[in-house]
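Down below is the structure, laid out as C-alpha cells.
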Amino acid sequence: MTTNEAWSTVRTGTFGERVAATAGLLLALLLLLLPFQHTVRVVRWARVAGLRPLPQARSEALVSAVRHAGRWWPVRVACMETSLGAVLAAALLGQRLDWCLGVRFSPEPVEYHAWAALPDVGPVGEYTAGGWHHYTALTI
C-alpha cells in the first residue's frame with residue numbers, strides 16, 4: 001500500500017457518509033480482532049443488508065472517507081482495514097460493496113491485497129493505472 005492510499009488527507013463525502021465511514025472503520029478494527037470466520041459472517045450479513053450497489057462516484061468518496069478516518073486511529077489501518085471498513089460503512093448506509101481478497105501486481109512486485117469493489121465495475125478507490133492488476137482469490 002502506498003503512502004497516498006494509507007494517509008488520505010482529503011475529506012470527502014457527505015456528513016452522513018463520513019459518520020458511516022468512521023463507524024465502519026471502528027467496526028472493522030474490532031472484527032479483525034476476532035477469528036476470521038466471524039468477520040466473514042458479518043460481511044455476508046452486510047451484503048444482505050445492502051439492498052443496492054453504490055454508484056461509482058459515491059463509492060469512491062466512501063472509500064476515501066474511510067481512509068481519511070483511518071488517519072486518526074493509533075493502530076494500523078491498511079488495505080484490509082480500509083476495505084472492510086468501506087464495505088461495512090456501505091451496509092450502514094443501506095448500500096452494498098463487495099469485499100475482495102487477493103493479490104495485486106505490476107510487472108515486478110506482487111503483494112497480498114484487500115479492496116472494496118463494485119460488482120460489475122471492479123476495484124473502488126484503487127490505483128489501477130500504470131500496469132497494476134488486481135486478481136481476486138475470494139469475494140465476500
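The values are calculated or read from the model by the stated rules, or taken from the named source; none is laboratory data. Computed from a prediction, not measured in an experiment: that's the story for all the values here. Please note: Cβ atoms are built from the backbone with ideal geometry, for glycine as well, and neighbour counts cover all protein chains shown.
Structural remarks
- Qualifying residue in segment 122-131 (condition: closer than 21 Å to Leu34 by Cβ and surrounded by 14 or more Cβ atoms within 10 Å (Cβ to Cβ)): no
- Test for Ala91: is it of a type in the set (A, V, I, L, M), outside any helix (DSSP H, G or I) and modelled with pLDDT of 90 or more: no
- Just one of the numbered conditions (1) farther than 20 Å from His38 by Cβ; (2) of a type outside the set (A, V, I, L, M, F, W, C); (3) at pLDDT 90 or above is not true of Pro53: (3).
- Inclusion of Glu108 among residues that are outside any strand (DSSP E or B) and under 21 Å from Glu17 (Cα atoms) is not warranted.
- Any hit, segment 73-82, residues being of a type in the set (Gly, Ala, Ser) and either over 18 Å from His134 (Cα atoms) or part of a strand (DSSP E or B) (or both): no
- Options Thr82, Thr139; residue that is more than 22 Å from Thr14 (Cα to Cα), of a type in the set (Ser, Thr, Tyr) and under 15 Å from the mean Cα position of the chain (by Cα): Thr139
- Among the candidates Arg67, Arg52, Arg76, residue that is basic (Lys, Arg) and either without any contact (Cβ under 8 Å) to a residue 24 or more places away in the chain or over 19 Å from Gly122 (Cα atoms) (or both): Arg76
Here's the yes/no breakdown for (1) more than 15 Å from Ala21 (Cα to Cα); (2) modelled with pLDDT of 90 or more:
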position: Ala49; (1), (2): yes, no
position: Ala65; (1), (2): no, yes
position: Arg71; (1), (2): no, no
position: Ser83; (1), (2): no, yes
position: Ala86; (1), (2): no, yes
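- Looking across segment 1-47 at every residue that is modelled with pLDDT of 85 or more and aromatic (Phe, Trp, Tyr), the one that is surrounded by the most Cβ atoms within 10 Å (Cβ to Cβ) is identified as Trp45.
- Lone qualifier among Arg96, Arg104, Arg71 - being surrounded by fewer than 20 Cβ atoms within 10 Å (Cβ to Cβ), basic (Lys, Arg) and more than 10 Å from the chain's Cα centre (by Cα): Arg71
- Filter pass, Val63 being assigned to a loop (DSSP other than H, G, I, E, B), under 13 Å from the mean Cα position of the chain (by Cα) and not small (Gly, Ala, Ser): no
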